[in-house]
Amino acid sequence: MSYAASEAPKREVFNSRNYFILAAIGSAVGLGNIWRFPYVAYSEGGGAFLVPYLVALLSAGIPLLFFDYAIGHRYRGSAPLAMRRLGRWTEVFGWWQVLVSFVIAVYYAAVVAWAAMYTWFSFSMAWGEDPAAFLFSEFLQLADEPTVGFDFVPSLFLPMLAVWGITLIVIALGVNKGLAFANLVFMPLLLVMFLFIVGQSLFLPGAIDGLNALFTPDWTSLTSPGVWAAAYGQIFFSLSVGFGIMITYSSYLKRRTDLTGSGLVVGFSNSSFELLAGIGVFAALGFMAQAAGVGVDDVAAGGVGLAFVAFPTIISEAPLGSILGVAFFGSLVMAGLTSLMSIMEVVIASVRDKLGISKPVAVAVVGIPMAAISISLLSTTTGLYFLDITDEFVNKFGILAGSFAAIIAVAWISRKLPQLARHLDRFSSFPAGKMWVGVMGVLVPVVLGAILVSYAIERIEVPYEGYPLRLLGIFGWGMAGSLVVGAIIITLLPWRNKAVTEFDEDYNEHEIAARAEGVTQ
């Protein structure tokens with residue numbers, strides 16, 4: 001069997017490695033970098049948190065990037081197709097990751113839409129003197145009790161429709177004309193806008209107090225296992241590993257591409273942006289604390305509270321507040337869109353490979369129904385409850401459990417890590433070697449398993465945010481569990497072209513070695 005025969009027909013390829021790196025950074029740099037990392041670092045030891053964070057990046061984050069790159073680049077497919085070629089029974093782990101991406105895309109689009117509306121609100125500071133009341137009562141029209149309902153909020157419909165429209169159009173245009181071009185536009189814009197935010201925030205009164213609060217180290221925190229777990233958790237969630245994105249993106253790379261060098265660039269770029277976000281956010285929070293006459297601890301927040309309550313308060317009081325608001329919420333839109341596009345690419349590419357259909361058809365068959373589900377659930381008075389619960393359980397348990405299972409399958413059952421290491425070494429400037437095999441085979445699954453057990457115990461002992469057990473059972477534990485069931489069912493469905501799933505390991509080893517030596521086949 002020739003190598004070309006094992007590939008899906010007309011597989012797209014990034015025109016250059018730089019396009020891939022830009023797209024990978026665009027996927028990794030998302031909403032979590034801006035509203036999650038600063039608060040996690042602040043609450044888990046301040047400046048001292050950077051020690052376990054760096055250790056986690058080097059010992060788990062970058063090795064996991066290499067893991068996804070090796071699978072996608074070697075087996076040339078979306079997550080399910082690549083895992084199927086790796087081993088017939090491992091296909092289920094690919095679909096597990098696809099379903100995680102499916103669910104995340106459904107609610108992630110809503111947050112991007114909110115950020116887009118708040119970019120517009122920044123011109124007039126429409127939230128008035130009480131940003132919290134404006135967000136929950138006027139904008140989201142949030143129901144008083146956590147429940148499931150379909151009371152439609154018209155003002156949320158158009159921004160969500162626009163976000164989905166832009167995302168699906170970009171995906172339909174393909175890897176180069178769509179994804180690569182979008183990241184080529186959005187990522188420089190994001191960097192310029194966030195540099196403006198940092199520059200503006202640093203000159204606000206009280207900025208130094210905010211930075212001192214963020215970076216003053218609490219060295220005793222390094223003895224706490226929870227701090228180390230938080231560091232590894234932040235790395236897992238911020239690098240876009242574990243839910244098919246990097247496997248899919250690396251399958252679009254040309255054969256002779258520096259894989260580990262690309263991984264290092266992506267990993268350190270993502271962490272650099274997180275550090276930049278921490279500086280900008282806490283300088284602004286320092287200003288907010290001084291203006292309110294309270295300590296930074298009283299105003300520090302993460303997630304939705306930081307983005308849509310704390311920052312509007314800062315914008316209302318800061319010099320050039322409208323410009324700062326447009327830059328901040330515009331940054332959220334840019335970061336959110338590039339991440340949403342990468343998540344959707346996972347789903348579309350997987351369906352396209354399974355059914356043997358064109359990309360525009362896959363976008364129509366899968367993307368439009370996903371948009372309809374997203375708008376139906378999140379444009380309602382109970383949408384925030386669905387988002388909060390699903391994000392907590394699917395984003396944590398879905399990604400962590402799926403990654404843990406996939407690594408165990410590849411490292412200990414299929415025993416393909418040495419083979420993947422040889423693939424990385426053939427094409428890379430930075431060798432993976434036996435150390436990478438040891439880290440992925442022992443350290444990463446141990447850390448992932450420990451964090452997973454810790455999260456599970458915490459959620460069992462204390463119901464998340466005090467939500468009713470019925471809702472947690474449906475949208476929390478039930479949603480996380482349904483990912484596994486759904487993955488098994490989809491795996492049992494036949495491939496449109498079974499030849500696409502075949503893979504000759506012996507021939508491929510010979511072909512790769514010859515290409516690496518510059519021999520024309």
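The values are calculated or read from the model by the stated rules, or taken from the named source; none is laboratory data. Only a predicted model underlies this, so the values are computations on that prediction, with no experimental measurement involved. Positions of Cβ are generated from backbone atoms using ideal geometry, with glycine treated the same way; all protein chains shown enter the neighbour counts. Only protein heavy atoms, including side chains, enter the accessible area calculation; ligands, DNA and RNA are left aside. Shrake-Rupley method; radii C 1.70, N 1.55, O 1.52, S 1.80 Å.
Are any of the residues in region 161-172 outside any loop (DSSP other than H, G, I, E, B), touching a residue at least 40 places away in the same chain (Cβ under 8 Å), in contact with a helix residue (DSSP H, G or I) (Cβ under 8 Å, 6 or more places away or on another chain) and among the polar types (S, T, N, Q)?
Among the residues of region 161-172, at least one is outside any loop (DSSP other than H, G, I, E, B), touching a residue at least 40 places away in the same chain (Cβ under 8 Å), in contact with a helix residue (DSSP H, G or I) (Cβ under 8 Å, 6 or more places away or on another chain) and among the polar types (S, T, N, Q), which makes the answer yes.
Pairs please, first residue from region 421-437 and within 13 Å of Ala70 (Cβ to Cβ) and modelled with pLDDT of 85 or more, second anywhere and part of a loop (DSSP other than H, G, I, E, B) and not hydroxyl-bearing (Ser, Thr, Tyr), Cβ atoms under 6 Å, 6+ apart in sequence or on different chains.
Ala421/Ala432; Leu424/Ala432; Asp425/Pro431; Asp425/Ala432
Restricting the search to region 134-175, which residues are open to solvent by 40 Å² or more (accessible area, probe 1.4 Å) and under 25 Å from Asn270 (Cα atoms)?
Residue satisfying the conditions is Ile166 alone.
Scan region 94-120 residue by residue and report those that are touching a residue at least 24 places away in the same chain (Cβ under 8 Å), open to solvent by 30 Å² or more (accessible area, probe 1.4 Å) and out of contact with any Pro (no Cβ under 8 Å at 6 or more places or on another chain).
Within region 94-120, Trp96, Leu99, Phe102, Tyr108 meet the criteria.
Quick one: which helices (runs of 4 or more DSSP H) lie wholly within region 28-74 and hold at least 3 residues that are open to solvent by 20 Å² or more (accessible area, probe 1.4 Å)?
Where helices (runs of 4 or more DSSP H) fall fully within region 28-74 and carry at least 3 residues being open to solvent by 20 Å² or more (accessible area, probe 1.4 Å), they are 37-43, 50-56.
Given the residues Ser331, Ser339, Ser322, which is the only one that is out of contact with any Ser or Thr (no Cβ under 8 Å at 6 or more places or on another chain), of a type in the set (S, T, N, Q) and either surrounded by fewer than 24 Cβ atoms within 10 Å (Cβ to Cβ) or closer than 27 Å to Trp120 by Cα (or both)?
Checking each option against the conditions leaves just Ser331.
Taking into account only those residues within region 462-471 that are surrounded by 13 or more Cβ atoms within 10 Å (Cβ to Cβ) and in contact with a Pro (Cβ under 8 Å, 6 or more places away or on another chain), which is farthest from Gly242 (Cα to Cα)?
This residue is Pro468.
Filter region 472-504 for residues that are open to solvent by less than 50 Å² (accessible area, probe 1.4 Å) and touching a Ser or Thr at 6+ places or on another chain (Cβ under 7 Å) and give the result.
Scanning region 472-504 gives Phe475, Met479, Trp495, Phe503.
Kindly establish whether Arg88 is at pLDDT below 90 and open to solvent by 10 Å² or more (accessible area, probe 1.4 Å).
Yes: the conditions hold for Arg88.
Could you please find all residues in region 384-409 being open to solvent by 10 Å² or more (accessible area, probe 1.4 Å), farther than 16 Å from Val453 by Cα and hydroxyl-bearing (Ser, Thr, Tyr)?
Tyr385
Of all residues in region 209-249 being polar (S, T, N, Q) and either open to solvent by less than 20 Å² (accessible area, probe 1.4 Å) or touching a helix residue (DSSP H, G or I) at 6+ places or on another chain (Cβ under 6 Å) (or both), which is nearest to Ile104 (Cα to Cα)?
For region 209-249, the residue satisfying everything is Ser240.
Just checking, how many residues over region 186-208 are farther than 28 Å from Leu340 by Cβ, open to solvent by 80 Å² or more (accessible area, probe 1.4 Å) and in a helix (DSSP H, G or I)?
Counting residues in region 186-208 that are farther than 28 Å from Leu340 by Cβ, open to solvent by 80 Å² or more (accessible area, probe 1.4 Å) and in a helix (DSSP H, G or I) gives 1.
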